[in-house]
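Comments concern the structure below.
The values are calculated or read from the model by the stated rules, or taken from the named source; none is laboratory data. All of these numbers come straight from a predicted model, not from anything done at the bench. Glycine also receives a Cβ, built like all others from the backbone with ideal geometry; neighbour counts cover every protein chain displayed.
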Amino acid sequence: MKRIFFTALLLCQGIIIAQNESDFKLYESPVYNDEVKTDSVRAIYTSNSGRTGIVRNDKKHIIFDLFNEKSSKIHTKIIETERKENYIGDIFFKNEIKVFTERYPERGIKLLSCYILNLNDKTDKKIELSSTTGKDIEIAPKNTYVSLRRKKQFAILNPATKTRFEIGINLKGQEPKGKLEAEKPNSMCSHKIKIAEIKDIDKVVFEWIKAAYEIAG
């Protein structure tokens, strides 16, 4: 009886595996040689079109590798970083990988940069996020957002949906105005600014962030 039960169990498992095999595809990528050897893989993200982006880095470079849906490498972008430019985190939003770095060209001056690769059209760009903040800012990447802190948190960078990015800002007592919207009660920040496109990050956005920075010390 035990033997019959065991045989039936194996047959059932075989049927389940056979059914699953039709839904599962394996691809073997072609052999390729890296132009730059790195010590670590920082992130792996897949776009809605099936392309996969991999971020690697070493002391002198940030490398974006892009693969198609069959795991064939279709693009590589090698970025030479500045002296003492440190990798601090990454996020994935609207099919773009965004890598954040920091460096200190002078005492008391911090430069924050964002390197962006679009997985669908293979375009890349660099944005300077800040050039005036001091060393008292702590940038803390979390699982789903990036926290900006002094003595306390004054802002967060949050990919809220697949099509919208939000900047959370702590300005308790400030009336909502223009882009600055009130956040829900008991949220991590008192206000938020919705960002749909890079062009939405303008002078007004930085002024609100600066205001939150100044009262967080």
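Things worth noting here:
- Glu175 farther than 19 Å from Ala140 by Cβ, of a type outside the set (S, T, N, Q), modelled with pLDDT under 95 and assigned to a loop (DSSP other than H, G, I, E, B): yes
- Any hit, the stretch 96-117, residues being modelled with pLDDT under 80 and crowded, with 18+ Cβ neighbours inside 10 Å: yes
- Count of the stretch 185-196 residues which are in contact with a strand residue (DSSP E or B) (Cβ under 9 Å, 6 or more places away or on another chain) and in a loop (DSSP other than H, G, I, E, B): 5
- Test result for Ile169, crowded, with 16+ Cβ neighbours inside 10 Å and either over 22 Å from the mean Cα position of the chain (by Cα) or closer than 22 Å to Val99 by Cβ (or both): no
- The one condition from (1) assigned to a strand (DSSP E or B); (2) touching a residue at least 60 places away in the same chain (Cβ under 8 Å); (3) loosely packed, with under 13 Cβ neighbours inside 10 Å that Phe154 does not meet is (3).
- The stretch 46-56, subset within 22 Å of Lys162 (Cβ to Cβ) and touching a Ser or Thr at 6+ places or on another chain (Cβ under 7 Å), residue surrounded by the most Cβ atoms within 10 Å (Cβ to Cβ): Thr52
- The residue of the stretch 57-81 that is farthest from Cys114 (Cα to Cα), among those that are surrounded by fewer than 15 Cβ atoms within 10 Å (Cβ to Cβ) and of a type in the set (A, V, I, L, M, F, W, C), is Ile74.
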